[in-house]
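Only one structure is covered here, and it is reproduced in the block below.
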Amino acid sequence: MYAAVRAVIAFALRCFYRIERAGPALPDGPVLLVGNHPNALVDPALLMTVCARPLTFLAKEPIFRMPVLGALVRSLGALPVVRAQDDPGRMRENAEALSAAARGLAAGRAVAIFPEGRSHSEPALATLKTGAARLALQSGVAVRIVPVGLTYAEKERFRSVVRVELGPALEVTPGAPEPEQVRALTDRIAAALGRLTLQLAAWEDLPLIEAADALYVLATAAPARDPGRQRLFARGLALLRAEEPARAEALSAEVLAFQRRLALGRADASDLGLHYRPWTVLRFALRNLVALALGLPVAALGVLLFGLPVVAARLAIRAARIAPDMVATVKLLAALILGPPYVAALAVAAGVWLGPPWAAAVAAGALPLALFTRRFLARRAEAIRDARLFLVLGNRSARKRQLLAEARALAARVTALAEEVLPRLEASNSPSGIR
């Protein structure tokens, strides 16, 4: 049952997201995975997708009472955890759930838990609950705690990137879960998760971090959008604000002002380093003309068949004011639960109007058509952006030369600051450096 559900979930997630996995393989023996929790039921589904070993999840108890979902999580062997906000009078039931999880660890299984205790869309980790530490200590065996950082580029958006990064395991020897030991281990888990997640003071800092990172890439030719480097920038910003707030404020204002100017042309600093060669531009134009000629009729059919339910789902989500950390979960569940009946209805209609062969064709081709249509539209949107950049920032554009000169001067200041702060960040046990 677990393997079958995992296959379906992995397929759905890889259709919805572009998943990047980083870090070491999951070790054998008793393992406790601890992850941050920004995206509701998508987070455990991602862990299932990237981990070959079967996982036993500890999940909030209300899920077990939901139609369909309750049966699903029970079939996966998940264990219910009662939170204080759900029912304070039932908190003692958690002892049995933790005991069952501890027995699973003692038997050499892999258990997964989200120690923040709730899904949220805040820019930093919430205060961790102590359940993970107590579970590891009371298992009676040596346990490896593996921190997992989940970083979504745009968690509500189809085909956006999500990075699943497994950090170095924390070795834990069994012992009595005394308050001091529990608190110390919880702090170790929090520190390990903090090194794998983008810790921001506020979401308003994210454009600043991304703009500074793009300037750094322009100045150093480093790989673009490196998550580890962006985490270092976030930590460096917090350090600079604490020690030199005036300097931090001045440089931040300059970086954001420059980024706002670039945003008028829907560009960032890394785009200023692009050099357009005639053959590259010609190949780009020919490729997109061929894609339009061959793919547009097929994509138009996909929009005709699936446009209405997609738009209706978006409007329903907006009208229901669903929390940001639940939007992706709702979209995926709607596709998995409502998608098959909708395709069946299309197949029946095709069979009635056109005959049984058309019904079979619709049933077999609906999913490939939907995926092709979404990919085609996304690729054409990217092509339009690239064409706009070429028109605004062509090789001989005076505006590009002016922006590039300003960007290089600003990038030099950002790079100098990064090189000044980096040794101190590495001294605080950061597992990855600026590359």
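The one condition from (1) touching a residue at least 40 places away in the same chain (Cβ under 8 Å); (2) in contact with a helix residue (DSSP H, G or I) (Cβ under 8 Å, 6 or more places away or on another chain); (3) of a type in the set (Lys, Arg) that Arg14 does not meet is (1). Has segment 40-51 got at least one residue that is in contact with a helix residue (DSSP H, G or I) (Cβ under 9 Å, 6 or more places away or on another chain), assigned to a strand (DSSP E or B), open to solvent by 10 Å² or more (accessible area, probe 1.4 Å) and at pLDDT 90 or above? Scanning segment 40-51 turns up no residue that is in contact with a helix residue (DSSP H, G or I) (Cβ under 9 Å, 6 or more places away or on another chain), assigned to a strand (DSSP E or B), open to solvent by 10 Å² or more (accessible area, probe 1.4 Å) and at pLDDT 90 or above.
Within the span defined as segment 290-301, every residue fails to be open to solvent by 50 Å² or more (accessible area, probe 1.4 Å), among the aliphatic types (A, V, I, L, M) and not in a helix (DSSP H, G or I). If you go through segment 376-398 and keep only what is open to solvent by 20 Å² or more (accessible area, probe 1.4 Å), under 17 Å from Leu218 (Cα atoms) and assigned to a helix (DSSP H, G or I), you end up with nothing. Taking residues in segment 317-343 that are part of a helix (DSSP H, G or I), and partners anywhere that are aromatic (Phe, Trp, Tyr), the pairs with Cβ atoms closer than 9 Å and at least 6 places apart or on different chains are Ala328/Phe16; Ala328/Tyr17; Ala328/Tyr152; Lys331/Phe16; Lys331/Phe158; Leu332/Phe16; Ala335/Phe16; Tyr342/Phe306. When the residues of segment 121-147 are filtered to those that are within 18 Å of Val81 (Cβ to Cβ) and of a type in the set (S, T, N, Q), which remaining residue is least open to solvent (accessible area, probe 1.4 Å)? Applying the filter and picking the extreme gives Ser139.
From the list Ala328, Ala291, the one residue that fits, being closer than 20 Å to Arg159 by Cα, modelled with pLDDT of 90 or more and touching an Asp or Glu at 6+ places or on another chain (Cβ under 6 Å), is Ala328. The test for being touching a residue at least 60 places away in the same chain (Cβ under 8 Å) and closer than 19 Å to Gly35 by Cβ does not hold for Leu98. Among the residues of segment 323-354, count how many are under 15 Å from Phe306 (Cα atoms) and either touching a strand residue (DSSP E or B) at 6+ places or on another chain (Cβ under 9 Å) or of a type in the set (D, E, K, R) (or both). Here the count works out to 1.
Has segment 264-278 got any residue that is aromatic (Phe, Trp, Tyr) and more than 20 Å from Arg408 (Cβ to Cβ)?
no
Based on what the data block shows, is Leu79 under 24 Å from Gly108 (Cα atoms), surrounded by 13 or more Cβ atoms within 10 Å (Cβ to Cβ), in contact (Cβ under 8 Å) with a residue 40 or more places away in the chain and out of contact with any Phe, Trp or Tyr (no Cβ under 6 Å at 6 or more places or on another chain)? In short, no.
In segment 302-335, the qualifying residues are those that are surrounded by 14 or more Cβ atoms within 10 Å (Cβ to Cβ) and of a type in the set (Gly, Ala, Ser), and the one that is nearest to Ala40 (Cα to Cα) is Ala328. Just to be sure before I move on: is Val111 in contact with a Phe, Trp or Tyr (Cβ under 9 Å, 6 or more places away or on another chain) and either at positive phi or part of a strand (DSSP E or B) (or both) in the structure I sent? Answer is yes for this residue. Would you mind stating whether Gly167 is within 24 Å of Asp226 (Cβ to Cβ), surrounded by 19 or more Cβ atoms within 10 Å (Cβ to Cβ) and small (Gly, Ala, Ser)? So Gly167 passes the test.
A count restricted to segment 139-185 and to residues that are charged (D, E, K, R), within 12 Å of the chain's Cα centre (by Cα) and either part of a loop (DSSP other than H, G, I, E, B) or under 20 Å from Val111 (Cα atoms) (or both) stands at 6.
The values are calculated or read from the model by the stated rules, or taken from the named source; none is laboratory data. Not measured: the values here are computed from a predicted model. Neighbour counts are summed over all protein chains in view; Cβ atoms, including those assigned to glycine, are modelled from backbone coordinates with ideal geometry. Only protein heavy atoms, including side chains, enter the accessible area calculation; ligands, DNA and RNA are left aside. Shrake-Rupley method; radii C 1.70, N 1.55, O 1.52, S 1.80 Å.
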